Amino acid sequence: MRMEWGSPPRLAGLTARIGLRRGTARTRFTALYVTLFLLSGTALLAIVAVVASGGSRSSRTAPGGGARPATAAQAQGRIDDLEQQLAQAHGTQSQQILIGSAIALGVMAVISVGLGWFVAGRVLRPLRVMTAATRRITADSLHERLAIGGPGDEVKDLADTIDGLLGRLEGSFDAQRLFVANASHELRTPLTTMRASLDVALAKPGPVPGTTATLAARMRAELDQVDRLLESLLVLARSQHGEFTDRARLALGHLAQTALTGRAKDIAAKGLTVREDRIDGSAWVWGSRTLLRRVADNVVDNAIAHNDPGGWISVAVRAEGDDAGAVSLVVESGGPVLDQQRVAELARPFRRLGADRTGTGRGSGLGLSIVAAITRAHHGTLDLRARPDGGLRVTITLPRTDGGATAEAPGAETGVAR
């Protein structure tokens, strides 16, 4: 059963007719407060009018005192004149009271709008705090809680319920990541055994049939592919867990250049042209050496594998923003025109654009999802855009650190730029 907060049916219909039904809860509460005030004020004004008119009718009594008239006719005429004057005075006084009350009601109606807005804001403040805290919590920060204090009312019960839900989600995510990491690790042993068995079979004395050698080569290639897949799953689980033991200060441009240098043969084999447009030497970041190197390797591998023969690759590292508080690695590549809606899904595990894009169809579909997970773990962002002329643009933005003031973590590799 769905429960909705709102005003009573008649008042809800009134707010709907004045165009506030689709407004915010604060607006609806304010309209409800003002409506109740106007109804109570109008009722009070009607009571004042009834009392004033009744007092005017019942006040027609002969005044006492004054000079005694000479005759009864004169006395009666004098009494009639005084009653008429007294009735006029009461009527004028009642009219003034009604006009003053109406003016006061109008002024208070305007004031009640501000007061209602303020009171509605105070009432809804805990809900705004809960909304903001819930928006900050993602799959990578499920350990955070709302932790709303205050009395044990309905809002506190709602916050505690959401905290319980977050706790159950955190346990489920941790169990999933632990399972992936353990399964990937345990599967390495049978893969090593199978690879050793192939080597032993091929190393036996005597000639090896050609079909056997071909089959062994294909099996080794498949075993290598499974091994790479397991390694990717381990890296993905590790990056999602967010615990790094090899944090260091790294030059993002150096990581990109190292990735290009290590794949020079693949680039030459495909006849690709590399454009190192802008490599900012001051683009320093703080994070895991292994994982950030994997980010650079994966985006370069992606640009090579999903490119046309004789195509091009563009690599740029630059500072972002006026205050240079972030740095970005931009890798662009040529290729066929891609669908942006499908490109946006490449950051999810096992999402590919098909064998027609990869050429061989042997990709695991984890490359860019690993990049996305590592980038999120380093408080950065990944942006995937299909180029209008064909190909893909990958932009990785990471928080910048001061290259001169921050020392590199102990045990850093000598290959890391200083």
- prompt: So which of Ala181, Ala251, Ala264, Ala268 is surrounded by 13 or more Cβ atoms within 10 Å (Cβ to Cβ) and in the same structural domain as Val317 (by TED's automatic domain parsing)?
  reply: Ala251
query: Can you find even one residue in the stretch 262-282 that is touching a residue at least 60 places away in the same chain (Cβ under 8 Å) and of a type in the set (A, V, I, L, M)?
result: no
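Conditions (1) under 26 Å from Ala181 (Cβ atoms); (2) modelled with pLDDT under 80, marked per residue:
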residue: Ala221; (1), (2): yes, no
residue: Ser239; (1), (2): yes, yes
residue: Phe244; (1), (2): yes, yes
residue: His254; (1), (2): no, no
residue: Gln257; (1), (2): no, no
residue: Gly281; (1), (2): no, yes
residue: Asn307; (1), (2): no, no
- request: Could you please find all residues in the stretch 316-346 being farther than 20 Å from Pro388 by Cβ, without any contact (Cβ under 8 Å) to a residue 60 or more places away in the chain and touching a strand residue (DSSP E or B) at 6+ places or on another chain (Cβ under 6 Å)?
  value: Arg318
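Conditions (1) over 16 Å from Thr27 (Cβ atoms); (2) under 43 Å from the mean Cα position of the chain (by Cα); (3) not acidic (Asp, Glu), marked per residue:
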site	(1), (2), (3)
Ser94	yes, no, yes
Leu98	yes, no, yes
Val110	yes, yes, yes
Gly114	no, yes, yes
field: Set Ala175, Ala221, Ala181: member being in a helix (DSSP H, G or I), touching a residue at least 24 places away in the same chain (Cβ under 8 Å) and not β-branched (Val, Ile, Thr)
entry: Ala181
- line: A careful count of residues in the stretch 194-218 that are basic (Lys, Arg) and in contact (Cβ under 8 Å) with a residue 24 or more places away in the chain gives 1
task: Scan Arg2, Arg60, Arg22 and give me the residue that is over 34 Å from the mean Cα position of the chain (by Cα), at pLDDT below 70, of a type in the set (Lys, Arg) and farther than 22 Å from Met108 by Cβ.
output: Arg60
statement: Here the residues within the stretch 303-338 that are within 27 Å of Thr401 (Cα to Cα) and touching a Gly at 6+ places or on another chain (Cβ under 7 Å) are Val317, Glu332
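The values are calculated or read from the model by the stated rules, or taken from the named source; none is laboratory data. The model shown is predicted, which means the values in this text are computed figures rather than measured ones. Counting neighbours? That spans all protein chains shown, and the Cβs are built from the backbone with ideal geometry, glycine included.
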